[in-house]
Amino acid sequence: MPAVSVEHLSKSYGDTVAVRDVNFEVEKGEVFALLGPNGAGKTTTVEILEGFRDRTGGRVETLGVDPADHSTQRWLRTRIGVVLQELAVEPYYSVRQVLTRNAGYYPNPRPVDEVIDLIGLTEKRDDRIKRLSGGQQRRLDVGLGIIGNPDLLFLDEPTTGLDPSGRRETWDLIRLLAAAGTTVLLTTHYMDEVEALADRVAVLFGQEIVASGSPTSIAGRDLGAVTIRFRLPEGVSMDSLPVPAEPSGDGLVEIHTEDELQVLHDLTGWALAGRHALQGLSVLRVSLEDIYLGLTEGAGPRRGNGSDVQQEVRP
Amino acid sequence: MSATELPVKGSFRGVGDLRLVARQVRFEQLSFWLNPIGAVLTIGFSVVFIVIFLSTSGHSTVGYLAHINLGQYYLPAFAAYGIMAACFNILAITMVNRREMGLLKRLRLSPLPTWMLLAAIFINSMIIAVIQIVLMLLVGRFGYNVHGPQDIPAFVLVVVVGMLSFTALGVGVSTLVPNADAAGPVVSLVFFILVALSGLYFPVKPGSGLSTFTNFFPIRHLIVACVDSFNGIPGASIWNDVLVMALWGVGGVIVSLRRWEWSPKRG
């Protein structure tokens with residue numbers, strides 16, 4: 001049984017469609033990312049899965065129950081953790097007080113001090129929340145999401161507002177939770193976050209899912225052309241290279257190819273034979289951001305560093 | 001979820017739940033007292049005012065109320081104010097702020113059932129109201145020789161119905177306020193005008209135009225019922241006042257149920 005199962009999910013507010021015909025599954029222990037521009041329906045989808053919002057149509061199961069079923073909602077909420085998009089913590093409690101209060105809502109919470117250590121607020125445990133920085137409050141928010149020791153954790157843009165080290169610490173925490181078997185459903189705008197954390201990703205655009213797959217293969221990312229770049233060796237003209245190349249404008253030359261293995265073989269063989277140095281040699285595949293922008297700007301995936309990639313079909 | 005664990009149905013789990021409510025009330029109280037400025041202003045405002053009014057009321061009497069001393073009028077009137085301030089004014093502003101800060105949404109997503117959350121919030125408001133009433137009764141008795149309540153069961157009934165009704169109204173009004181910035185001005189402005197017109201600062205004679213107008217609102221009925229039961233005014237009946245307050249309370253419940261939102265309105 002998957003941790004989350006969504007079939008033909010739709011949600012409308014009057015004439016306004018928030019999501020339409022959304023389908024995906026999240027396996028237990030998986031980190032699944034939902035990507036999409038603002039207004040694409042990510043938060044609506046997550047809120048339906050949490051049981052916070054009712055759906056208009058389709059079938060949804062969270063941890064094996066319908067999240068809209070009021071008879072099992074209390075049970076479900078002991079099993080899920082939620083980190084909201086916006087900060088929501090009372091200003092006058094201390095870090096320890098608010099975590100202690102929320103721990104009391106769950107049958108098997110994590111020890112409060114353990115959570116404080118995990119979110120890196122050990123030194124601030126007795127400080128009032130209003131005295132914490134924005135990033136520290138955000139980390140406390142994550143702490144409130146995991147205090148109940150959830151089987152399934154919903155993270156709605158969890159690192160927005162964090163500095164780079166705070167982001168890395170939150171990533172480490174998410175990896176730790178995932179390694180311990182917690183299923184994570186993540187929404188984010190950060191492509192590096194998806195690449196660092198997600199086992200699978202789905203892109204929501206125009207209120208429906210337009211692509212899904214692993215971060216390395218979504219929308220044919222692993223199948224498209226690559227760009228090989230290097231500095232032209234001194235005394236060597238472009239014409240004498242074993243494969244056609246073109247200047248990149250930054251003092252390097254570029255080769256665009258879908259057969260990178262053969263091209264690299266030819267190029268490095270030529271360099272070794274002629275004792276040429278290929279300074280700055282790199283092989284670049286189309287980035288996840290290129291894929292994302294291509295999907296969400298309606299023109300298919302952009303060319304990454306000069307390459308075309310295949311357009312992914314809908315699931 | 002382990003393979004053998006099945007979902008548990010239902011949202012009430014007996015005595016354990018009542019302990020959870022008590023625990024939540026404790027945290028509500030902690031939150032209230034952790035903001036000392038807010039707590040002192042809330043509690044202190046009514047106490048300071050009763051001291052001022054009792055100190056300046058002298059030997060004046062209220063003719064239409066069996067010539068009771070003015071102090072005997074102000075004490076129960078300010079007890080009514082304490083109920084309204086805690087259960088209506090502060091509650092409504094707090095609920096708007098909690099909603100707009102996303103605190104209600106966070107609690108909605110926790111396993112704490114809605115009824116427990118609301119029960120804890122209501123009980124917390126009532127505790128604050130009772131603290132104010134007790135303090136004022138002590139100040140009145142030992143500082144200004146004001147005695148009461150004469151009709152204790154009636155006074156207790158009026159206080160309880162007043163707290164329930166104004167709590168319902170406080171929650172109802174909070175659902176009508178679009179954002180946190182508007183909460184204080186909107187709620188307080190309406191509240192303080194009606195409180196003044198309803199006879200908190202000066203007795204309003206029954207049958208006057210002002211009393212006819214303010215009789216429509218529950219505030220005057222709470223003040224009148226508190227004054228009558230506190231002094232055991234001969235021939236006075238609290239039942240009409242209790243009924244009007246209860247009807248307003250039912251109205252507050254209906255508005256709350258129809259307009260309640262867990263998410264910020266950001267209007």
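The values are calculated or read from the model by the stated rules, or taken from the named source; none is laboratory data. None of these values were measured; they are calculated from a predicted model. Positions of Cβ are backbone-derived with ideal geometry, glycine not excepted, and every protein chain shown enters the neighbour counts.
Points to keep in mind about this one:
- Within the stretch B:27-47, considering residues that are of a type in the set (F, W, Y) and within 12 Å of chain A (Cβ to nearest Cβ), the one farthest from B:I90 (Cα to Cα): B:F27
- Flag for A:T122 being of a type in the set (S, T, N, Q), more than 11 Å from chain B (Cβ to nearest Cβ) and buried (at least 20 other Cβ atoms within 10 Å of the Cβ): no
- Meets criteria (modelled with pLDDT of 95 or more, in contact with a strand residue (DSSP E or B) (Cβ under 7 Å, 6 or more places away or on another chain) and away from chain B (no Cβ under 11 Å)) for A:D113: no
- Among the residues of the stretch A:83-130, those that are of a type in the set (G, A, S) and over 22 Å from B:S263 (Cα atoms) comprise A:S94, A:A103, A:G104, A:G120.
- Residue that is farthest from B:V171 (Cα to Cα), among those in the stretch B:91-119 that are in contact with a helix residue (DSSP H, G or I) (Cβ under 7 Å, 6 or more places away or on another chain) and away from chain A (no Cβ under 11 Å): B:A119
- B:A225 vs. criteria of a type in the set (G, A, S), at pLDDT 95 or above and touching a Ser or Thr at 6+ places or on another chain (Cβ under 7 Å): no
- Of all residues in the stretch A:65-97, those satisfying the criterion of being over 30 Å from A:K130 (Cβ atoms) and either more than 7 Å from chain B (Cβ to nearest Cβ) or buried (at least 18 other Cβ atoms within 10 Å of the Cβ) (or both) are A:V65, A:D66, A:P67, A:A68, A:D69, A:H70, A:T72, A:Q73, A:R74, A:W75, A:L76, A:R79.
- For A:T100, the criteria (1) within 9 Å of another protein chain (Cβ to nearest Cβ); (2) in contact with an Asp or Glu (Cβ under 8 Å, 6 or more places away or on another chain) hold in every case but one, which is (2).
- Test: residue in the stretch A:145-154 that is without any contact (Cβ under 8 Å) to a residue 40 or more places away in the chain, polar (S, T, N, Q) and within 29 Å of A:V4 (Cβ to Cβ): no
Residues checked against (1) more than 19 Å from the chain's Cα centre (by Cα); (2) part of a helix (DSSP H, G or I):
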{"residue": "B:G71", "(1), (2)": "yes, yes"}
{"residue": "B:P76", "(1), (2)": "no, yes"}
{"residue": "B:A80", "(1), (2)": "no, yes"}
{"residue": "B:C87", "(1), (2)": "no, yes"}
{"residue": "B:K105", "(1), (2)": "yes, yes"}
{"residue": "B:L112", "(1), (2)": "yes, no"}
{"residue": "B:L117", "(1), (2)": "no, yes"}
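- Any hit, the stretch A:68-83, residues being at negative phi, in a loop (DSSP other than H, G, I, E, B) and touching a helix residue (DSSP H, G or I) at 6+ places or on another chain (Cβ under 7 Å): no
- Residue list for the stretch A:114-133, filter: among the charged types (D, E, K, R) and either more than 13 Å from A:I147 (Cβ to Cβ) or in contact with a Pro (Cβ under 7 Å, 6 or more places away or on another chain) (or both): A:E123, A:K124, A:R125, A:D126, A:D127, A:R128, A:K130, A:R131
- Only listed residue being in the same structural domain as A:L132 (by TED's automatic domain parsing), modelled with pLDDT of 90 or more and not in a strand (DSSP E or B), chosen from A:E86, A:E90, A:E47: A:E47
- Remark: A:V17 matches the filter, which requires a residue to be away from chain B (no Cβ under 14 Å), touching a residue at least 24 places away in the same chain (Cβ under 8 Å) and surrounded by fewer than 22 Cβ atoms within 10 Å (Cβ to Cβ).
- Of B:A85, B:A120, all but one fail to be small (G, A, S), out of contact with any Asp or Glu (no Cβ under 9 Å at 6 or more places or on another chain) and in contact (Cβ under 8 Å) with a residue 24 or more places away in the chain; the exception is B:A85.
- Residue within the stretch A:177-199 that is more than 15 Å from A:G29 (Cα to Cα), outside any helix (DSSP H, G or I), under 19 Å from the mean Cα position of the chain (by Cα) and among the hydrophobic types (A, V, I, L, M, F, W, C) present: no
- Yes/no for B:G38 being of a type outside the set (D, E, K, R) and modelled with pLDDT under 90: yes
- Here A:D54 fulfils each of the conditions (1) more than 12 Å from chain B (Cβ to nearest Cβ); (2) under 24 Å from the mean Cα position of the chain (by Cα) apart from (2).
- Check on B:Q24, modelled with pLDDT of 90 or more, within 14 Å of another protein chain (Cβ to nearest Cβ), buried (at least 16 other Cβ atoms within 10 Å of the Cβ) and closer than 27 Å to A:L76 by Cβ: yes
- Filter pass, B:R106 being surrounded by fewer than 16 Cβ atoms within 10 Å (Cβ to Cβ) and closer than 30 Å to A:P107 by Cβ: no
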